[in-house]
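The values are calculated or read from the model by the stated rules, or taken from the named source; none is laboratory data. On a predicted model such as this, the values are computed, not experimentally measured, just so you know. Here Cβ is always computed from backbone atoms with ideal geometry, including for glycine, and neighbour counts include all displayed protein chains. SASA here: full protein model, heavy atoms, side chains in, ligands and nucleic acids out. Shrake-Rupley method; radii C 1.70, N 1.55, O 1.52, S 1.80 Å.
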Amino acid sequence: MVYNKTDRVLEKQELRRKRIIKAAKEILSEEEEIGKVSIKSIARRAGIATGTFYLYFADKESLVDMIVKEIYAELLSKIKRERTQYTDTFAKLQASMEVCIRLFLKEKYLAKILLEQFPQIHTALNTKYADIEEDLIRLTKIDLDELMAEGLIPRQDTNVTATAFVGTFREVILAWIGKGEPQDIDLAYKTLIDYNMRGIGRYKIDEQ
């Protein structure tokens, strides 16, 4: 006879899964290196037995991978939603950057995983990061191609520019995470955005 799980059992399992994810996020935000995060510490923080962890995730890497996918899906959703408010391509590009900055500073553990620690962990996750970065470069290139076609930026290799655009963003965010956020975070936002916009050839930045 097949056992049908009741709604209560399913709800209990979902709550436990969420506790595991929450515990993992907390520990990832506290540890300097992802290699120091253990399944045992995650289980302890979640209030479950270590063996129970494996009922929900195959290993630590699969848990981190799932967290990254969920946050990245959230990032893309927020970028898409924010961009719909504008028709100007410069404004859309700037909106994309602002969404990324704010999310990475809010979810610092994610930024540490994506921007700093991926080379230290599982190859599949390293590949996932490469895919995410490539997506951001591709989306930036689309905007740059439109701007160049409209004659709003100088003729250039937009793939090179998009790669440099995303790379500059990554390095600055890493510095903020490692050394602490700037005292005037709003000014820092504007400085980073203006720097990148000038880098693509928009020499005059409107005052916000």
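Laid out as a table, the results:
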read-out: Exposure rank, largest accessible area first [52, 87; 1.4 Å]; value: 87, 52
read-out: Per-residue HN-Hα couplings for the stretch 85-96 [Karplus 6.51, -1.76, 1.60; θ = phi - 60°; Hz; x = Gly/Pro]; value: 7, 10, 10, 6, 5, 4, 5, 5, 5, 5, 4, 4
read-out: In Hz, Karplus ³J(HN,Hα) per residue of the stretch 184-200 (6.51, -1.76, 1.60; θ = phi - 60°; x = Gly, Pro); value: 9, 5, 5, 5, 5, 3, 4, 4, 5, 5, 4, 4, 5, 5, 5, x, 8
read-out: Neighbourhood charge, 11 Å Cβ-Cβ cut-off, centred on residue 148 and excluding it, Lys, Arg +1 and Asp, Glu -1; value: -3
read-out: Shape call, the stretch 1-98: gyration tensor on alpha carbons, a/c limit 1.5; value: oblate
read-out: List 54, 72, ordered by accessible area with a 1.4 Å probe, largest first; value: 54, 72
read-out: With DNA, RNA and ligands ignored, accessible area of residue 193 (1.4 Å probe; Å², nearest 10); value: 10 Å²
read-out: Heavy atoms of residue 146: accessible area, 1.4 Å probe, square angstrom to 10; value: 80 Å²
read-out: The stretch 178-197-the stretch 47-102 distance, computed between alpha-carbon centres (Å); value: 22 Å
read-out: Cβ-defined net charge surrounding residue 83, 10 Å radius [Lys, Arg +1; Asp, Glu -1]; value: +2
read-out: List 28, 76, ordered by accessible area with a 1.4 Å probe, largest first; value: 76, 28
read-out: Förster radius 25 Å - calculated FRET efficiency between residue 105 and residue 81 (Cβ-Cβ, nearest 0.05); value: 0.85
read-out: For residue 44, solvent-accessible area (1.4 Å; no DNA, RNA or ligand), Å²; value: 150 Å²
read-out: Backbone HN-Hα couplings from phi across the stretch 10-25 [Karplus 6.51/-1.76/1.60, Hz, Gly and Pro as x]; value: 5, 5, 4, 5, 5, 5, 5, 4, 5, 5, 5, 5, 4, 4, 4, 4
read-out: Cleavage-rule hits, GluC sites (Glu not before Pro), the stretch 4-73, DSSP coil, Cβ neighbours within 10 Å at most 10; value: 32
